[in-house]
Every structure is written in structure tokens, then in C-alpha cells.
1. Mind checking the full-extension length gain between L452 and L542? Use 0.36 nm per residue of separation minus the Cα-Cα distance, one decimal, nm.
2. State the Cα centre-to-centre distance between region 528-552 and region 139-154 in whole Å.
3. Any chance you could give the angle, 0 to 90 degrees and rounded to 10, that helix 256-270 forms with the longest Cα principal axis of the chain?
4. Just list whichever of K561/K593; K230/K282; K245/K561; K265/K510; K37/K403 have alpha carbons separated by over 22 Å in the model shown.
5. Restricting things to Cα coordinates, could you compute the convex hull volume per residue of region 283-420 in Å³?
6. Please report how far the C-alpha centroid of region 438-456 lies from that of region 276-319, rounded to the nearest whole angstrom.
7. Beta carbons within 10 angstrom, averaged per residue: use that to sort the peptides 403-410, 592-599, highest first.
8. In deg cm²/dmol and to the nearest 500, what is the mean residue ellipticity at 222 nm of the chain if only DSSP H runs of at least 4 residues count, each as -39500 (n - 2.57), divided by the residue total?
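A short reminder: the numbers here are calculations on the coordinates, not readings from a lab. Please read all numbers here as calculations on a predicted model, not as lab measurements. Here the Cβ positions follow ideal geometry from the backbone for every residue, glycine too, while neighbour counts run over all protein chains shown.
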Amino acid sequence: MYGVLSKRSDMTPETKTCQNCKVQFTIEPEDFAFYEKMQVPPPTWCPMCRMQRRLAIRNERYLFKRTSDFSEKEIFSGYPASAPIKVYENEVWYSDVWDPRSFAMDIDFSRPFLDQLLELFRKVPIYTLSTAFGTNSDYANNFTGFKNCYLVFDGNYAEDCMYGRGINYAKNSVDNSFLDHVENAYGNFWINRSSHLMYCSQCADSVDCYFCKNCVGCSDCFGCVNLRNKKYCFFNKSYRKEEYKKLLEQYNLGSFKVITELEEKTGEFYLHFPVKFMEGMKNTNSSGEYMYNCRNVHDSYIIVDAENVRYSSYMEIGPIKDCYDYTVWGNNAELLYECADCGLGVSNMRFCMACWSEVRNAEYSLFCQSSSDIFGCVGLRNGKYSILNKEYGEEEYKMLREKIITSMKELPYHANGTDYSYGEFFPPAFSAVPYNHTPAYEQFPLTKEEALAKGYMWEDSTEKKHEQTLLWSDLPDAIQDVKNEITKETVLCESWEKDREKVSLRNCTKAFRFHPNEIEFYRRYTTPLPRKCSNCREFDRLQKRNPARLYHRVCQCAGAKSENEAYANTTTHQHGTGRCANEFETSYSPDRKEIIYCELCYQSEVV
């Protein structure tokens, strides 16, 4: 570790005002200890603003048509033609027909360093799609180890899946968001180690369940909530196997009309039961939302198999250790600070973006692979002791690195009213994707005018000239009535016709077609045809997802009943007949309808 910053003498909390949003935030003693370990200055932006700017550089699930800057062929890319960067098709980018070192620049200490890095970033070509070890998965992005996947994004080691996001170690599943070790699933959100789940959310270790929520270790359950290790349950009531099957036979689950009615009915049913203040399992001394198997992880969101981590998000594959302000990926990552889209054996990195695999001792670098001891590099492969893609001797590199850090403090990059000194993540000019096509737009929505004022790109939705041949309302209600010829139709999306005010937010494609493998899946699992395009279906699933923002609240257990009296407790809790006094940070805002219980009160009701 390079010693370029002096140590802080006292370890007491410090309150600062965010340089971006002007809200106050606190830096705790353990935070200062991490910053000293990484030899970086403490942040000047609050945690939420830091998360927003990292998410704003990532296109998670959109494909654009553009021209290759190498072959001039039309290609699919994660970067639109409007982005001021060069893009090569992957097979070219990974070949020896070009050399990233040919773009090397000398350091100019009379200019802000980030200004020079931005110049380099716009010269060096980057790969068109962020993929590794893929097979027959040309229409997917941001993945490792996909096989036979179609329009699946952001995942690892999935096979025979379609229309998904956050899909890890999954097989034969369609229209899901955030799966881990799941197979034969449809229409789910946040499912772990399960098989044959349909229209479920936040379930684990379960088999053959429909419309269930927060169920663990269950099988053959329908419309259930908060069950543990139950079988043959229908809307939380237990039945014999034969009785359960007769109840199930009452519903034609291949009917779109029936499924729509059941989604509304089960949604209302869920509200009569408490939810735990935090969605997570097998965590120790941890706080945040959507966490699994974490230890000493705090203020984090969608993260698994992590230890000693804070202010991190969308980390869906471990192990992850000793990281702060780290967004997207994992897969054996250690000692990362203010990094995004970096993973697969990376360590000791600061302020990096899209660097993988086996990248170490890197700072302010983008799209680099298998490199170490680099500062301000772009697209470098197998590089070492390099600055702005120019290689130096070890001692000269170390001397120049310290000189650059001093220069970044004395001559910071300035944009949109903000100074970017050493210690800040990349400014918006480094984002090569429109803000309204990034995960930041989902968590921190901005208008076009607001995004442009902050320096982000924006791309308006254009009405695609699809010659639709069928209205969504003309699709057969039951999958049993669907003919093979349906794959030749172009269907108008329901949202385009009924929800025009939100089609831009949804990034609706207006019309869509059915894939033959998709129809086969629907028939096999008696699932009706969807009426919306895949983007709108993803948007609807994400309405089940809690936001990344946390709120301070008090447990709503009032003794014998919930505070709103909608739920009667089944047992006496540790606080007795009086109201529970436990307080916590939760992603459920005070205006939500759900009944929020603390860990102890919730476990009393579900065990």
C-alpha cells in the first residue's frame, strides 16, 4: 500500500455536508479506519449520492444498435451511437489486431488529470458487450458463464433462461428478477435455492409454489406468506395432499385472466401479515436490504456472501471482503473503494470502472483487464506500472503516482459546479450511457432537464416503426389455445396503449414478438402469454422491490396485535403485552401499507 496520506489523529464521528445534495451525513470511526487502510481521503459526497453516481455509469439491461468503429458493421452494444466513444465488437477487442498502448499519452501537469483521462477514454476503443465465457447468448449482456440465454442481463452461470435480470446459477427460467440457484421458474422476484416457483417473491429453499411471499423451506403452497417448512398450504391454511390438489384444480393457471385476478387477490392478502424490517437471511451484524449470508455488512443493498463491507450495492456473487462504496459484481473481490462493474479476482482498487478480471493495485482506470499497478489507464490488458496507458519503471511509476495525486488536489477537474479532486469517483462525462437507461434512473429518477444539467447523457424514447400485426387484447386468454403461428406475429404492448404516461419510464419497446422456446416453456408449465414487452414486464416486477433508501422507524407490533389491528399475533413476544420499542433502519417508508416488525417480533410469528 502506498503511503501518500497522513493519518487522522483522533477517531471520532464527523458530520459533513454533501458537496452534491447539501444534506448532512456522518463519517464513523470505523469508516475513517477503512479510509486510512486504503490511503484515501474521506468522502465529500453522502452515501446515496455516491451510489447514484456509480450507478449512472452502467447500462444494465439495454441493447443498442450501432456501427463498429473497427469493421463498420452494424452491431449490438451496451453503448448507443450517441456516446462519444469508440466501440469494437468483442472478438476484435480481445484480439491482437490493435494495441491499447498505441494510444499512450504523456502526463501534462498543467491540466487536470481527469481531463487528460477523459481524452484518453474517448480515444481508446472499448468492447461492445461486457461478457465472459458465454455460449449462444448473443442477445445478453453483463454476464459471466451464460449458456443459451436470451435477453438476460446482469448475472453469472445461467443456462436456458430468457428475459431476466440478476440471474445467477439458474436454469430453464423465464421472466425473473434476481434469482440464485433456481430452476424451472417464471415471474419471480428475489428467489434463492428453489425449483418450480411461479409468481413468487422473496422465497428460499422451496419447491412447487405459486403466488407465495417470504416463504422458506416450503413445498406445494399457494397464495401463502411468512410460512416456514410447510407443505400443502392454501392461503396459509394446511390441507391434506388430496384436498390441496382439488383446491388447485379450481384455477386454470394457463388463463391470463385468472392469473391477473390471483395477483390482485394475493397482493391484498399479503398486507394482512407483518413483514420483517429487512429482507435478508443468514446475516450477522448487518444492515441494509436484500442481503444474504453477510457478516459485518452495513448500509448495503442487494448483496450476498460478503464480509466487512459498507455502502455497497448490487453485489450478487461472492466472496466479497473489506470493501466500501462498491457497486456491481463481486466474485472474489477484496479491498475495493468507489468502484463499479469490477470483479472476478480483483483487489486493492480505487475509483475504477469496468475493470476485470485479476486487476490489482489500480486507480482511476476503465475497461482494463489482467493488469496491476496502473493509474488512469483505459482498455489496458496485461499492463503493469502504467499511467495513461504508458508503461514506466517501478520506481518512476511510484514517484509519478504521488505527483499526480498532489496535482489532482491542487488542480481538480471541474464540471457542473463540482470539483473532482483525488478521492472522487468519475464525473458524469465518463458515463457512456444515457441516464434514463441506467439503474440510477430506477433508484434516483431525474427529468431530462435535471439529468442534462448535471452533465449526464439522455436519450429520448422514439416510436419504433413496428408494423404490429396483433393487439395485446387479441391474444388467446389460455395457453392451451395458442397456436405455433403466434411466433410470426408482432404484438402491440399493453403498456403502450394503456399507460402512455409511463412508457418512457418503462423504456417500452411498443411491440414485441414471441420466441419459439418461450412458447414451449409456457406450454410446459401452463403459463399464459404475457401482454407486455419484456422491458415493461421487468418494470412491473421491480415494483415489488424495495428502494435502496433507508428510513428510521419503530416496530409496529402493539402487543397482541399489529398497530393497525390488521394482524393478530399468534404468540406472546419478548416485550410482553405492551408495544414493542425496537427501532431500526428500513427500506419501508412511513407511508407504506405493510405492517413492519422488528427481527424478534417477526421471527416470533414465522417460526
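1. Values: separation 90, 0.36 × 90 = 32.40 nm, distance 2.54 nm.
Length gained, L452 through L542: 29.9 nm.
2. Cα centroid to Cα centroid, the span is 19 Å.
3. The answer is roughly 80 degrees.
4. Details: K561/K593 16 Å; K230/K282 20 Å; K245/K561 33 Å; K265/K510 28 Å; K37/K403 20 Å.
Over 22 Å Cα-Cα: K245/K561; K265/K510.
5. On the way: hull volume 14.6 nm³, N = 138.
Each residue corresponds to 106 Å³ of Cα convex hull volume.
6. Answer, in whole Å: 26.
7. Values: 403-410: 16.5, 592-599: 19.5.
In descending order of packing, they fall as 592-599, 403-410.
8. Values: 14 runs with 118 residues, N = 607.
The helix contribution divided over the chain gives -5500 deg cm²/dmol.
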